[in-house]
1. Determine the pairs where a residue that is without any contact (Cβ under 8 Å) to a residue 40 or more places away in the chain, located within segment 27-46, has a partner that is part of a helix (DSSP H, G or I) with Cβ atoms under 8 Å apart, the partner being 6 or more residues away or on another chain.
2. Step by step: first the residues of segment 50-93, then only those that are of a type in the set (Ser, Thr, Tyr) and in contact (Cβ under 8 Å) with a residue 24 or more places away in the chain, then the one that is surrounded by the most Cβ atoms within 10 Å (Cβ to Cβ). Which residue is that?
3. Filter segment 4-45 down to the residues that are within 16 Å of residue 99 (Cα to Cα) and modelled with pLDDT under 95, then identify the one that is surrounded by the most Cβ atoms within 10 Å (Cβ to Cβ).
4. Restricted to segment 102-123, and to residues that are of a type in the set (S, T, N, Q) and part of a loop (DSSP other than H, G, I, E, B), which residue is farthest from residue 50 (Cα to Cα)?
5. Filter segment 94-119 for residues that are out of contact with any Ser or Thr (no Cβ under 7 Å at 6 or more places or on another chain), buried (at least 19 other Cβ atoms within 10 Å of the Cβ) and within 24 Å of residue 149 (Cβ to Cβ) and give the result.
Amino acid sequence: MAKKKDVVAVDAGDSIHIGISENDRAAIAEALAKLLADSYSLFLMTHNFHWNVTGPQFNSLHMMFETQYTELFTAVDEVAERMRALGVLAPASFKKFTELASFSIPEETQTAGEMIAHLVKGQEAVVRTARAVFPIAEAANDQPTIDLITRRMELHEKNAWMLRALLA
């Protein structure tokens, strides 16, 4: 079984017959692993900010962050399950997510405005990471992955816009 840098295919290549080669499935899953890491990192950061936001916008930000982290919880499951459908194990440790993520989560206390700015950057990072999956999935004619990442990009672009509007 071929091994990629960050993910390892676990099913025998000839046991999955979905019209996508083993090499293409591994390449797609490797890109999805980065999307999973970014999405999970954004989930953690958003949940942290939900718990710790203070100030005059507390109630609206607390509720907005809850809506966003709840959606991200579902999203990470969908991305991981797509990887499994492709026959590849999904990364599932903080260490692996830290290695794969394109951004880091701030550890120090943040003001509400700083939280919003970090979340804008995180939302945009997830969009960029999802966008990088697209040509790989498209070349393999992998419509389910294309559909998944299209939905992810649309939602994160909208969330980034809504968060940016709070900073205006």
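1. 43/69; 43/72; 43/73; 43/75; 43/76
2. 69
3. Per the criteria, the residue is 7.
4. 102
5. Correct list: 100, 118.
The values are calculated or read from the model by the stated rules, or taken from the named source; none is laboratory data. What you see is a predicted model, and the numbers here were worked out from it, not measured in a lab. Positions of Cβ are backbone-derived with ideal geometry, glycine not excepted, and every protein chain shown enters the neighbour counts.
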